[in-house]
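Working notes, beginning with the structure itself.
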Amino acid sequence: MKLNRVVITGIGVVSPLGCNTEKMFNNLLDGKTNFSMPRGFKREFDGKEKLVSYVSDDYSGQCRKYGVTQEYTNRSYALLACKQAIESACLQGNRDILASADLHIGTSEGYSFDNLEYMNCDEGELCEYMKGKHPSEQLSEIASEIGIKGEVMAFPVACSGGNVAISISAKKIRYGQKNICIAGGVDHLNETAYTTFHCLGALSETSCKPFDKRRDGITVGEGAGFLVLESLEHARNRRAKIFAEVKGYDISCDAYHLTTPDAEGIMASESMRKAMEMAGSKPEDISFISPHGTGTLSNDQQEANAIFRIFGDLAPRIPVSAIKSMLGHCMGAASAIEAVVAACSIASGKIPQTVNSEHPDDSFPCSIKLNDYGDVTVTEVLSTSFAFGGNISSVVFSKFN
Amino acid sequence: MSIYIDDVLTFSCMSADPGESEMGIKHLKGKGLRYVPRTIRMVQVVTGEMIERNGLADNKGRIGLYNTNDVCSLEAGTDFDKELEQFGTRFANPMKVPYTINGAMAGWLAIRNGLKNVCLTVSSGRCGVFSALNIASLDFLDGITDYAIILGAHFAGEAYKRYNILSAMKDEVAAGILVSREKTSKSFVEITDCRTAVYDKPLLNRILNEEPTIKIFDSDIHLPYCYNDNVFTYEADSLQMSFFMMLIGCLGNAGIGLHNNEYKYVVTDSDKLMGWAKFKILR
């Protein structure tokens, strides 16, 4: 069976460091952060709330530019990032191509109502309250506003949602089921997500410090990242600019624990290996790793072990760009934003460094190269993501040849 | 690419605890279940039974798991929020937190059954089963799985009753379909096409009017909301998955059909999404 090559022809992003890809990427290269205290939370959190990462102030301007209602919701974030991706793929107004596309969204929850409001709502008002909040309504509204008429689905797997959406899209294109898909992830910062991590004791006292010996948890963030993925033939036929290629992917599960990964990193390394095998990549081909890098004790231990399993003696020399140190953990949007950054890195040849992490952890099997990368020719990027429930997804992005 | 249905199973225990049923006793043994919501325990009965009765215990590494219930954390999430409101964040029980996340059901089932392969929650409203079947077929093509367990459920807790307030179906059921990459001796349905799309009336009409069509001969197959005697179209019902299974189960066993045993099943999720499957009865 002839397999189609899968290329990225459009990218769009809503993030705490910029609501367009250029601004976000430049801020990442400059090592900036946008952490602040939570706003508008109703609950008390031991009297000391932790830093979070809201979308940047240019969100309102971008909403006006793209005709998106300025709300701080999944729907608005996803729409804005999708419209940006469509514009960067030069597909705006191309009804036929957009109608044929599928839409895949990674996120945390399928529905979008406040649990207590929902339960306290009178039954007679329930239908009105839930209008527009059902998973299928949200999906179809986003798709309809963009002009997509193909298959639409969401993957509420939380943190690895973006990579899952990209992987599913790549599968469809690879096997000729589709010529074009729009894939990404979205999550807005809400009190529920913050509370979840607070109750698990997973929030950092200061800010996210991936792979640092003093790491103490995540910084909750928000945003959206979307990519236009096409078959190479389809992209060439319409002379589309190609940002990068999706050469390999994997979706699996470590089946270890609902909230804690297996510290040995066995299934994590297996996922990386499978994605690299599909891509035809050897360890020395990988220019840098875009890790999950949440800054929790367990995740980073797992990831360090997995990196060592795959890269062995090469591991200390491979750049590890943990951008959650700057963006925070954007939940369902995280791996999608990381995919956008991978595409930008491949296009520009530059790699954002990890910030806040200055103390190596001696318990890791190898040192992790978080900054001072030197001259690196960016040709292939390994992106990994891990979610609650043990879900793992790895993707290999490469320079298009 | 065709895929094959080897088994279908539903589980319902009325208001009793799932662990007290005959199947529940088998598949809900052991520790670690105290905080696991009823919803997940019901679906575990289906998953565990499906693995056991199809002899897949030694093949777990080749099974993909796809949960199509996209509000499976609703009850646990609302319960936890009520607890937070009552006791505050300091005294809320952290053991309940993991189940407030949508992906927890699939993840817990993977942990419980040792399934270290694809483990997804697929959300496309009431068309979820069609999306899941399509993804499973792609995973078969990738060669990473040989079997897929596709799960759906309709629950009767307070939060779910409110969510399904318009649904005529009030019963609680967990359901599963076992799909295989290749035809086996157990295969009784071949799915030749399976897809979803944004609701589009002209496309829906084309799908409804094209071959194959189905004609019911046996009135014992009780399937409400049948709009005409040529095709099935179900609108806005959260039990669509179990209806699909009941349909293929009945048709498969009774051998009822029109031409070449080819059938079509179409679901619309109000005017938002639509899904369809074309299939053949093999025996």
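The values are calculated or read from the model by the stated rules, or taken from the named source; none is laboratory data. Predicted model only: the values in this text are computed from it and were never measured. Here the Cβ is made from the backbone with ideal geometry for all residues, glycine too, and neighbour counts use every protein chain on show.
Quick one: how many residues across segment B:94-142 are under 20 Å from B:TRP276 (Cα atoms) and not hydrophobic (A, V, I, L, M, F, W, C)? Final tally of qualifying residues: 10. Using the structure shown, decide if A:LEU258 is modelled with pLDDT under 95 and over 17 Å from the mean Cα position of the chain (by Cα). Against the criterion (modelled with pLDDT under 95 and over 17 Å from the mean Cα position of the chain (by Cα)), A:LEU258 qualifies. Kindly indicate whether A:GLU22 is under 15 Å from A:CYS344 (Cα atoms), surrounded by fewer than 20 Cβ atoms within 10 Å (Cβ to Cβ) and not small (Gly, Ala, Ser). Spelling it out, A:GLU22 is indeed under 15 Å from A:CYS344 (Cα atoms), surrounded by fewer than 20 Cβ atoms within 10 Å (Cβ to Cβ) and not small (Gly, Ala, Ser). Would segment A:172-194 turn up any residue that is surrounded by fewer than 24 Cβ atoms within 10 Å (Cβ to Cβ), within 13 Å of another protein chain (Cβ to nearest Cβ), within 29 Å of B:TYR199 (Cα to Cα) and of a type in the set (S, T, N, Q)? Yes - at least one qualifying residue is present in segment A:172-194.
Taking the criterion of being touching a Lys or Arg at 6+ places or on another chain (Cβ under 9 Å) and buried (at least 22 other Cβ atoms within 10 Å of the Cβ), the only residue of segment B:85-112 that qualifies is B:ALA110. A:SER160 meets all of the listed conditions (1) in a helix (DSSP H, G or I); (2) within 8 Å of chain B (Cβ to nearest Cβ) but one, namely (2).
What is the number of the single condition among (1) touching a residue at least 24 places away in the same chain (Cβ under 8 Å); (2) small (Gly, Ala, Ser); (3) part of a helix (DSSP H, G or I) that A:SER140 does not meet? In the conditions (1) touching a residue at least 24 places away in the same chain (Cβ under 8 Å); (2) small (Gly, Ala, Ser); (3) part of a helix (DSSP H, G or I), A:SER140 misses (1) alone.
When we screen A:GLN92, A:GLN70 for residues that are in contact with a helix residue (DSSP H, G or I) (Cβ under 6 Å, 6 or more places away or on another chain), surrounded by fewer than 17 Cβ atoms within 10 Å (Cβ to Cβ) and closer than 26 Å to A:VAL7 by Cα, the only hit is A:GLN92.
Whether a residue is assigned to a strand (DSSP E or B), modelled with pLDDT of 85 or more, surrounded by 24 or more Cβ atoms within 10 Å (Cβ to Cβ) and within 14 Å of chain A (Cβ to nearest Cβ) was assessed, and B:ILE177 does not pass this test. Of the residues that sit in segment A:127-149 and are under 22 Å from A:GLU191 (Cβ atoms) and within 7 Å of chain B (Cβ to nearest Cβ), which one is farthest from the chain's Cα centre (by Cα)? So, considering only residues that are under 22 Å from A:GLU191 (Cβ atoms) and within 7 Å of chain B (Cβ to nearest Cβ), the one farthest from the chain's Cα centre (by Cα) is A:HIS134.
What residue, among those in segment A:274-311 that are under 24 Å from A:ASP216 (Cα atoms) and without any contact (Cβ under 8 Å) to a residue 60 or more places away in the chain, is surrounded by the most Cβ atoms within 10 Å (Cβ to Cβ)? Outline the logic, then answer.
First, pick out the residues of segment A:274-311 that are under 24 Å from A:ASP216 (Cα atoms): A:289-308.
When the remaining residues are screened for being without any contact (Cβ under 8 Å) to a residue 60 or more places away in the chain, the result is A:298, A:308.
Working: A:SER298: 16, A:PHE308: 20.
If we take residues in segment A:274-311 being under 24 Å from A:ASP216 (Cα atoms) and without any contact (Cβ under 8 Å) to a residue 60 or more places away in the chain, then A:PHE308 is surrounded by the most Cβ atoms within 10 Å (Cβ to Cβ).
The set of residues from segment A:381-401 being farther than 20 Å from A:PRO283 by Cα and not aliphatic (A, V, I, L, M) comprises A:PHE386, A:PHE388, A:GLY389, A:GLY390, A:ASN391.
Summed over segment A:101-118, residues that are outside any loop (DSSP other than H, G, I, E, B) and buried (at least 17 other Cβ atoms within 10 Å of the Cβ) total 7. Here A:ASN356 fits the description: surrounded by fewer than 24 Cβ atoms within 10 Å (Cβ to Cβ) and within 30 Å of B:THR100 (Cβ to Cβ). Among the listed residues A:ALA154, A:ALA170, which satisfies the condition of being in a strand (DSSP E or B) and of a type in the set (Gly, Ala, Ser)? Within the list A:ALA154, A:ALA170, the selection yields A:ALA154.
Go through the residues of segment A:340-350 one by one and say whether even a single one is outside any helix (DSSP H, G or I), at negative phi and either modelled with pLDDT of 95 or more or surrounded by 24 or more Cβ atoms within 10 Å (Cβ to Cβ) (or both).
So the first thing to find is which residues in segment A:340-350 are outside any helix (DSSP H, G or I), and the list is A:349-350.
Narrowing the set further to residues that are at negative phi leaves A:350.
Checking the rest, the ones that are also either modelled with pLDDT of 95 or more or surrounded by 24 or more Cβ atoms within 10 Å (Cβ to Cβ) (or both) come to A:350.
So far as segment A:340-350 goes, yes, one or more of its residues are outside any helix (DSSP H, G or I), at negative phi and either modelled with pLDDT of 95 or more or surrounded by 24 or more Cβ atoms within 10 Å (Cβ to Cβ) (or both).
Within segment A:265-292, the only residue that satisfies the criterion of being within 13 Å of chain B (Cβ to nearest Cβ) and closer than 24 Å to A:LEU203 by Cα is A:ALA268.
Quick grid of which residues meet (1) at positive phi; (2) of a type outside the set (S, T, N, Q); (3) part of a loop (DSSP other than H, G, I, E, B):
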{"residue": "A:PRO352", "(1), (2), (3)": "no, yes, yes"}
{"residue": "A:ASN356", "(1), (2), (3)": "yes, no, yes"}
{"residue": "A:SER363", "(1), (2), (3)": "no, no, yes"}
{"residue": "A:ASP375", "(1), (2), (3)": "no, yes, yes"}
{"residue": "A:VAL378", "(1), (2), (3)": "no, yes, yes"}
{"residue": "A:LEU382", "(1), (2), (3)": "no, yes, no"}
{"residue": "A:SER385", "(1), (2), (3)": "no, no, no"}
{"residue": "A:ILE392", "(1), (2), (3)": "no, yes, no"}
{"residue": "A:VAL396", "(1), (2), (3)": "no, yes, no"}
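Here is a yes/no grid of residues against (1) in contact with an Asp or Glu (Cβ under 8 Å, 6 or more places away or on another chain); (2) over 23 Å from A:ILE251 (Cβ atoms); (3) surrounded by fewer than 17 Cβ atoms within 10 Å (Cβ to Cβ):
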residue	(1), (2), (3)
B:VAL129	no, no, no
B:LEU138	no, no, no
B:GLY143	no, no, yes
B:LEU151	no, no, no
B:LYS161	no, yes, yes
B:LYS183	yes, yes, yes
B:PHE188	yes, yes, no
B:ILE191	no, no, no
B:LEU203	no, yes, yes
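Residues in segment A:233-249 that are in contact (Cβ under 8 Å) with a residue 12 or more places away in the chain and either in a strand (DSSP E or B) or over 23 Å from the mean Cα position of the chain (by Cα) (or both): A:GLU233, A:HIS234, A:ALA235, A:ARG238, A:ALA240, A:ALA244, A:GLU245, A:VAL246, A:LYS247, A:GLY248, A:TYR249. Could you say whether any residue in segment A:200-218 is within 13 Å of another protein chain (Cβ to nearest Cβ) and in a strand (DSSP E or B)? Looking through segment A:200-218, at least one residue is within 13 Å of another protein chain (Cβ to nearest Cβ) and in a strand (DSSP E or B).
Before we move on, is A:ASP57 over 26 Å from A:SER385 (Cβ atoms), free of Cβ contacts under 8 Å to residues at least 40 places away in the same chain and over 22 Å from the mean Cα position of the chain (by Cα)? No: the conditions fail for A:ASP57.
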